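So the structure is just underneath, and the comments pick up after that.
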Amino acid sequence: MNIAVLVKEVPDLEARVQVTGDGSGLEVEPKRVLNFFDEIAVEAALQLKHASGGRVVAVGTGLEALRRALAMGADAAVRLEDPGLEGADPLTVARALAAAVAKEGFDLVLAGKQGTDTEAGLVGPMVAEVLGVPCVTGVVGCEVEDGSLVVTREADGRETLRVPLPALLTAEKGWYEPRVPQVMGLMKAMRAQIPAVSLADLGVEAVEPLPSQGFQGPRSRPEVRMIQGEPEEAAAELVRLLRDEARVI
């Protein structure tokens, strides 16, 4: 089974983020990692390869993310590198990823359910639409049976679906615990020559991204107020504050 994994490089969840002085953009500490949900997708791909054989190819834009996928055990990686992908519209990204995946050939495409930067969850389903294959989101379990997949996903509870191949699945937390790469894997990934392809190579034209109106930081939290007195008096005062000042009841 040829498995393509879509990977995205995102800011580390502990990286400092500040709104620029004029509110037109963000200043993000340059600490980049493989997106958390994509890391689960890489692990799922490796587990499926172990069970059914085949090859795992990571496809994405970020060099560090691709190296992490290789260090975990992916067989190869393809890097999308083009000025048109800087801050690109999700549809442009999806079309580029779909073209790269189709060029490599695939039976199954895996991706994280969303990026931890924008939390949009758009690109995976868009790639499936461009490729013309079925898509199941929020997957927490998958088995190969008679040339199709039996997939368990998180919905309002859990549901199980049978999905024909080829298909695209997006990974939810709980499917697998991503492995920690071994030192030899990390060293091999650092030496790997990752081929780069441009939008022109893929026959994809960039779409003008929607402009952002601006950014605002979170509001400062009000000072914590401690209510003194006996329990009955404190409870009555709390109700008064919630009704008269906070106006939430």
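Can you spot a residue in the range 232-243 that is over 22 Å from the mean Cα position of the chain (by Cα), assigned to a loop (DSSP other than H, G, I, E, B) and loosely packed, with under 12 Cβ neighbours inside 10 Å?
At the first step, the residues of the range 232-243 found to be over 22 Å from the mean Cα position of the chain (by Cα) are 232-243.
Still in the running and assigned to a loop (DSSP other than H, G, I, E, B): none.
The answer is no; no qualifying residue exists.
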Query raised in the report: Among the residues of the range 207-228, is there at least one that is out of contact with any Asp or Glu (no Cβ under 6 Å at 6 or more places or on another chain), of a type in the set (Val, Ile, Thr) and either surrounded by 10 or more Cβ atoms within 10 Å (Cβ to Cβ) or closer than 30 Å to ALA100 by Cβ (or both)?
Result: no
Query raised in the report: Of all residues in the range 157-206, how many are of a type in the set (Asp, Glu), under 21 Å from the mean Cα position of the chain (by Cα) and surrounded by 14 or more Cβ atoms within 10 Å (Cβ to Cβ)?
Result: 1
Query raised in the report: Picking from GLY214, GLY174, GLY229, which residue would you name as being outside the structural domain of GLY138 (by TED's automatic domain parsing) and in contact with a strand residue (DSSP E or B) (Cβ under 9 Å, 6 or more places away or on another chain)?
Result: GLY214
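The values are calculated or read from the model by the stated rules, or taken from the named source; none is laboratory data. Keep in mind that this is a model prediction, so the values were computed, not measured. So basically every Cβ, Gly included, is an ideal-geometry build from the backbone, and we count neighbours across all protein chains shown.
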